[in-house]
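The values are calculated or read from the model by the stated rules, or taken from the named source; none is laboratory data. The shown structure was predicted, so the numbers you read here are calculated from the model rather than taken from an experiment. Virtual Cβ from ideal backbone geometry, glycine too; neighbours counted across all protein chains shown. Ligands, DNA and RNA are stripped out before the accessible areas are found, and what is left, the full protein with its side chains, is counted by its heavy atoms. Shrake-Rupley method; radii C 1.70, N 1.55, O 1.52, S 1.80 Å.
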Amino acid sequence: MITEDPVYYARNFVENLSIEVDLKYSVISGKEFRDLSGGVIRDGADFKVKNFENFVQIANNIKVLAEATPLDKFILTVGLQQMGDIICAIGRKDQDIPTARQSNLGICLESKSDETIRLESDIIAFSGQFSAIFNGFRWSKSLLIRMRKLIQHQIPIILTIIYTSIVTFVIYGYENSINPFKTFWLVIILSILQGIQFASEPAHYAIKQSTNPHINDPIINAYVLKVIFSQLLYQLIIVNLLIFLPSQYIQFVNLDQRISMIFTTLILLSIFGTIVSKMLDNLNTSAFSVLFDSNIFIVMLITQLLSSYFMLFFAGHLFQIVELDQDQHIKCLGISLGIIIIIPIASLMPTKWFRFIHRQLKKDIKEHRQTGQFELSESLRFQQ
């Protein structure tokens, strides 16, 4: 809680709310806070707390910041962002403008607010709209999670299709290869359905699966890279087996059937890969519990299966696909469903193997943010 009231009144108020304030720095005055933190300094295009070590100790224990000034709010915002937190600031006076501009999201209370802060804020909240603001927070976080799910699903299958097209072209020639241009038309249709599949998850479900994001976190983090690598590894193993395994082991009649089975397997891998991608931050859950926890997910999964087989049966000649027998279809389904074994494999794979790429992406994002322009007008600078 940040208040302009004296320390004594602020302490009594929070104690009446049964909030523990016995720790050091639990209740601190604005002057003591400024003295310990040392204020803020410019670091390129950004701000930093001068004495960051003291600030971290205060931030870990603070419950009440009493006798607070606009500068104290600004220091607290800068320090928490320096710790990696994402800050939302709410105000209605011109003195709140620096904090609102520094924060990741500035909200102006429309009732009795000054004109200048309305112009500087990201959102103007009218009376009774606070629930809508919090719903916006929930949906924005769930949007990030859904983007990660779709990305970690699409990247492996696209790379696998490109690899398959190149290898079959080199081995079998252009006429008998997997044509990537024709294949991607079918993949685009499935991608639209899969996008709807992930977008239909309720916001509360997406949020309860994930931890809070860091301000510099890239969309493709270490965990997403691990899932991408796991799916790509399985898909490449399956494709190579279908390409190079002798015909007697899978009972191919001719080369056309081999190519058709590879094509069908790629499509089914794209469909069943959504089960793995749906488990973005919850790999220890069994595949079946994830499969049956959303009716829309099941409906879209069945829709993809029916639409893909419909196109293969009635428009297979457009993709240079011949008809497969029942045993070959069962083999394609079994091989594709086997991608679910990625779930325990990925859960055992150390995430730290992918942290180097993650750290590099975070560094690039941080450098990009620091090069952005962030300057306060001289008229809006405030004094201690």
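Assorted remarks:
Each row is one residue, and each column tells you yes or no for (1) β-branched (Val, Ile, Thr); (2) without any contact (Cβ under 8 Å) to a residue 60 or more places away in the chain; (3) surrounded by 19 or more Cβ atoms within 10 Å (Cβ to Cβ).
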{"site": "55", "(1), (2), (3)": "no, yes, yes"}
{"site": "64", "(1), (2), (3)": "yes, no, yes"}
{"site": "72", "(1), (2), (3)": "no, no, yes"}
{"site": "77", "(1), (2), (3)": "yes, yes, yes"}
{"site": "83", "(1), (2), (3)": "no, yes, no"}
{"site": "91", "(1), (2), (3)": "no, yes, yes"}
{"site": "97", "(1), (2), (3)": "yes, no, yes"}
{"site": "104", "(1), (2), (3)": "no, no, no"}
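- Verdict on residue 225 being within 12 Å of residue 160 (Cβ to Cβ) and surrounded by fewer than 22 Cβ atoms within 10 Å (Cβ to Cβ): no
- Lone qualifier among 312, 318, 242 - being part of a helix (DSSP H, G or I) and at pLDDT 80 or above: 242
- Candidate set: the range 106-119, residues that are of a type outside the set (D, E, K, R) and open to solvent by 40 Å² or more (accessible area, probe 1.4 Å); chosen: the one nearest to residue 28 (Cα to Cα): 109
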